[in-house]
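Data first, discussion second: the structure below is written as structure tokens.
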Amino acid sequence: MGRAVRGRWAVVTGTSGRPLRSPRLWVLCEDRSGSGLITEAECTTCLDGAGAADDGRGPALRCLAHARATGRTGFRRTRTDFFRASCEAL
């Protein structure tokens, strides 16, 4: 039931089984109050990994050093961002 609204995800909700008297619009927006994108990486063979970092450079360099030291070439990169839900009356 979600639909895009000006670059945000939104859904209109009301009380179940009754007509909407005061519908509300729930939206998801990027949370810019904390850190930005968080990047983590780990070897897919031994699970040795680089901890979370605010930029991707640190984990990438750690993976390259691990590849050079072990000869392993497979890595998993996880990027996490954050968003918040808010409700606005229509």
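The alpha-carbon atoms of the stretch 32-90 define a convex hull whose volume equals 89 cubic angstrom per residue. For the stretch 62-90 versus the stretch 32-57, the spacing of their alpha-carbon centroids is 5 Å. Each residue of the stretch 47-61 was assigned a 3J(HN,Hα) from its phi angle through the Karplus expression (A = 6.51, B = -1.76, C = 1.60, θ = phi - 60°), giving 6, 5, x, 8, x, 5, 9, 6, 10, x, 5, x, x, 5, 5 Hz with x at Gly and Pro. Label-to-label distance for ASP48 and ASP31 is 3.3 nm, based on points extended 7 Å past Cα in the beta-carbon direction.
Every read-out reported here was derived from the displayed coordinates using simple, explicitly stated rules and does not represent laboratory data. Everything quoted here is computed from the prediction, not taken from an experiment. Neighbour counts are summed over all protein chains in view; Cβ atoms, including those assigned to glycine, are modelled from backbone coordinates with ideal geometry.
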